[in-house]
Amino acid sequence: MTESANTGCNSTKAAAAMPAVLPVTTVDILEVLAAGLRDFRAAPVHGLCVGAIYTAGGWLLILLLAHFDLPYLVYPLAAGFAFIAPFIATAFYAISRILERGERPTWGGIIGSTWNAAGRDLRWMALVTGFSLFIWMDIAALLFFGFLGLNSLSAHELLREIFTTPMGLLFLVIGNGVGAAIAFAVFSFSATSFPMLFDRDIDFVTAMVTSVKLVLANKVAMIIWCLTIAGLIGVSLLSGLFGLLVTLPVLGHASWHLYRRAIEPAADTK
């Protein structure tokens, strides 16, 4: 009897610990984007510096792929690099929270907040999204070999094969379709999980489940948010990754404000 009572009590606590999701509309999406831009303008140097590090990391990986004669992985990597962007955006969550308090962001405060958050389940969430990136890269390679064979192609030959042959065009369509499906799955469980784990001392599974619940409860608004992220990142890729200098900070700050608006505050912060 006692054991049953304890089990019931634990279940009640687990249910109580699960954050509640709130309604999100398309107007909210526009407002969080505006708030993200406002935070970027309030601390532009910090945003540009973090964005530059992220951009430099992207170029380094692309150069490594080119060096090892793996041009067919450049586009999947550039597209899938967005999988780990929410973890990189932790610095922007710190900046936005500091600005919310009416304080001035400093590198010491940003690094300190990020370091403290990394000591919790935020690191496990980063591992999940990093693993998702590796899975996507493996799938992209398998699709390439399946449609275009095991031939070693230069960048010029690769582009010609993809855009001028039936198998290449089919590979392009199916590859982008599979990539979009994986990207939306990753988006669903990471949309608010990273800022939540930064802000609260909860486990990463709870954060992921809450994020999925939010997406399912607000399908239209969250799909628009997903497409907005994809569109801005797409423009950044076309700019040679340089657009990430601005889009990454704005989206990072906006993600923080979306979390604040879409997830009920913790009991100790109400």
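The values are calculated or read from the model by the stated rules, or taken from the named source; none is laboratory data. The model shown is predicted, which means the values in this text are computed figures rather than measured ones. Positions of Cβ are generated from backbone atoms using ideal geometry, with glycine treated the same way; all protein chains shown enter the neighbour counts.
Worth pointing out:
- Here the condition is being out of contact with any Cys (no Cβ under 9 Å at 6 or more places or on another chain), in a helix (DSSP H, G or I), closer than 30 Å to LEU143 by Cα and modelled with pLDDT of 80 or more; of LEU48, LEU60, LEU30, it holds for LEU60 alone.
- Here GLU100 fulfils each of the conditions (1) within 30 Å of LEU169 (Cβ to Cβ); (2) exposed (fewer than 15 other Cβ atoms within 10 Å of the Cβ); (3) in contact with a helix residue (DSSP H, G or I) (Cβ under 9 Å, 6 or more places away or on another chain) apart from (1).
- Candidates in segment 116-135 are the residues that are β-branched (Val, Ile, Thr) and touching a residue at least 60 places away in the same chain (Cβ under 8 Å); of these, the one that is farthest from PRO86 (Cα to Cα) is VAL128.
- Pairs where the first residue, in segment 189-208, is in contact (Cβ under 8 Å) with a residue 12 or more places away in the chain and the second is charged (D, E, K, R) and surrounded by fewer than 20 Cβ atoms within 10 Å (Cβ to Cβ), C-beta under 7 Å, 6+ apart: LEU197/ARG120; ASP201/ARG120
- A single member of GLY119, GLY57, GLY80 is buried (at least 16 other Cβ atoms within 10 Å of the Cβ) and under 20 Å from the mean Cα position of the chain (by Cα), and it is GLY80.
- Scope segment 169-195; condition of a type outside the set (A, V, I, L, M), buried (at least 19 other Cβ atoms within 10 Å of the Cβ) and over 24 Å from GLU264 (Cβ atoms); matching residues: PHE171, GLY175
- Sole exception among (1) crowded, with 19+ Cβ neighbours inside 10 Å; (2) within 22 Å of ALA85 (Cα to Cα); (3) acidic (Asp, Glu) for ASP138, by number: (1)
- Residue match in segment 61-71 (condition: under 28 Å from GLY47 (Cβ atoms) and either surrounded by 16 or more Cβ atoms within 10 Å (Cβ to Cβ) or in contact (Cβ under 8 Å) with a residue 24 or more places away in the chain (or both)): yes
- Hey, ILE88 surrounded by fewer than 21 Cβ atoms within 10 Å (Cβ to Cβ), under 23 Å from ILE135 (Cβ atoms), at pLDDT 80 or above and under 17 Å from the mean Cα position of the chain (by Cα) or not: yes
- Answer from ILE229, ILE223 - the residue that is under 22 Å from TYR54 (Cβ atoms), surrounded by fewer than 22 Cβ atoms within 10 Å (Cβ to Cβ) and aliphatic (A, V, I, L, M): ILE229
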